[in-house]
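Undergrad: This is the structure, below, for whatever I ask next.
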Amino acid sequence: MPWLVIICGCLIAALTFGPRSAMGFFQLPMLADKGWDRTTFGLAMAIQNLAWGLGTPFFGAIADKFGTWRVLALSGILYASGLILMAVADSPALLHIGGGVLVGLGIASGSFGIVLAAFARNVAPEKRSLAFGIGTAAGSAGMFVFAPLSQGLIDAYGWFNSLVAMSAMMLIVPVLAIPLRGNAQTGLASKAEIDQSMKAALREAFGHQSYLLLVSGFFVCGFQVAFITAHFPAYISDIGIEARYAVISLALIGFFNIIGSLASGFIGQRYSKPIFLSLIYLGRSILITWFLLVPQTPFVVVVFAVLMGLLWLSTVPPTNSLVAIMFGTRHLGLLGGIVFLSHQVGSFLGVWLGGYLYDIYGSYDIVWWLGVALGLFAAVVHWPIKERPVDRPVLAPAE
């Protein structure tokens, strides 16, 4: 393992994933001060997720060609700017530009897609799943740290100053990114792979059935986790449970997500990744169904958070590993980014529908049950995915 690359990449994943996972804590105090409704905030978070998704293949392609460090440095600047603009926004439009577009692009240029692609280029194939699990667990650690940190900052200094403080933290990212410099042609794996154009890579991927199934299934992951991230604190308040349990729940999701992500990396090295993914999505649907049908007490909320944490981002290591297995690492930033775009389209709908349907019906129940149905759909589409490289004519390796 190239541990300097792994450690710095993990710190970046924690920093970029942390603030966006704590956005739900800003919803109620911000709306109370601004007089906006939940649809307004929900749309900002939905735009954030969509910008994250749309930006990921774009920034992934740039990192593949021009180097990871440049993209990560840009991430810190975009992220910091977006959080500042979100803090000073005096209209929904500025909220949507700052907390939506700029923060979303900041995450896109500094999150899993970029960091894990850099890992893949510098780690032997037999260790990639584990490296992906470590990187994903680091993002989970960011969620674990920033959930209580954000709520503590809001309680002590208000939501405005909390956003400013988190903005300053994002400026550390360009420094941490220095060991991740290099592009797709400088990594450990590059010499063994064919020199393929971007157009050819896209044509190959979109003609590959297993890749298309992976793209469609990852949509569901985004829908489920983004809805919970953005709306769970408000949901906890709506069902009459103390607000501190929202903090506890998101922190527990983040902590057990670390365990789930590491376990996913180990399991993905030893067993079928498509079948493992099917079981994860099936498990989510069963868990949400149980949560909705039993009396919702603080204890039930904690149990739900622990179990959901184990399943939270455990989808990421096997999903990214499958893309690397199918197509190699030459265009992993781009092709993995397209899979993640599907995830973020799901995130957009989960966050936006959460706020929109709540304002219409006064309840989140419809969105919860839609998440259950989509989880069953994802379990079905992942099962037939083939875990093997795409068939290619015999070509000379890139020099």
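The values are calculated or read from the model by the stated rules, or taken from the named source; none is laboratory data. Keep in mind that this is a model prediction, so the values were computed, not measured. Note that we place each Cβ from the backbone using ideal geometry, even for glycine, and neighbour counts take in every protein chain shown. In case anyone asks, the SASA skips ligands and DNA or RNA and just uses the protein heavy atoms, side chains included. Shrake-Rupley method; radii C 1.70, N 1.55, O 1.52, S 1.80 Å.
Undergrad: Using the structure shown, select from 199/273; 127/273; 199/386; 65/199 the pairs with a Cα to Cα distance greater than 25 angstrom.
TA: 199/273
Undergrad: Helix-derived [θ] at 222 nm for the chain: sum -39500 (n - 2.57) over DSSP H runs of at least 4, divide by residue count, nearest 500?
TA: -26000 deg cm²/dmol
Undergrad: Give, as ranges by residue number, the residues of segment 68-110 whose backbone N falls under 14 Å from the point 7 Å along Cα→Cβ of residue 178.
TA: Output list for this probe position: 69-70, 73.
Undergrad: Between residue 244 and residue 293, what is 0.36 nm times their sequence separation minus the Cα-Cα distance? Round to one decimal in nm.
TA: 15.4 nm
Undergrad: Follow-up question, since we're still on this one. In the chain, what percent of the accessible surface is made up of carbon and sulfur (1.4 Å probe, ligands and nucleic acids excluded)?
TA: Whole-percent figure for carbon plus sulfur exposure: 70.
Undergrad: Over the Cα atoms of the chain, Rg to Rh with Kirkwood Rh, two decimal places?
TA: That ratio equals 0.96.
Undergrad: Any idea what Rg and Dmax come out to for segment 1-95 if you just take the C-alpha atoms, in Å?
TA: 15.8, 51
Undergrad: Got a sec? What order do 199, 273, 65 fall in by accessible area at 1.4 Å, biggest, i.e. largest, first?
TA: Highest to lowest solvent-accessible surface, that is 199, 65, 273.
Undergrad: So, counting K/R as plus one and D/E as minus one, what does the shell of residues with Cβ under 12 Å around residue 174 add up to?
TA: +2
Undergrad: Another one. Tell me the label-point distance for the pair residue 31, residue 155, using the 7 Å Cα-to-Cβ offset, in nm and rounded to one decimal.
TA: So the two model labels end up 2.2 nm from each other.
Undergrad: Another question, then. From the residues 10, 202, 243, which one has its Cα farthest along the dipole of the chain in the positive direction, the dipole being from +1 and -1 charges on Cβ of Lys/Arg and Asp/Glu about the Cα centre?
TA: Value: 202.
Undergrad: Return, for the Cα atoms of segment 281-399, the radius of gyration and Dmax in Å, separated by a comma.
TA: Radius of gyration, then largest Cα-Cα span, for segment 281-399: 18.6, 62 Å.
Undergrad: When ligands, DNA and RNA are left out and all protein chains stay put, how many square angstrom of accessible area per residue does the chain have with a 1.4 Å probe?
TA: Result: 37 Å² per residue.
Undergrad: Using the per-residue mean of other Cβ atoms lying within 10 Å as a proxy for protection, in what order, highest first, do the peptides 153-166, 242-255, 216-229, 49-62 fall?
TA: Per-residue mean Cβ counts within 10 Å order the peptides as 216-229, 49-62, 242-255, 153-166.
Undergrad: Over segment 243-324, what number does the Rg to Rh ratio reach, with both radii from the alpha-carbon atoms and Rh per Kirkwood?
TA: Reported Rg/Rh, Kirkwood definition of Rh: 1.04.
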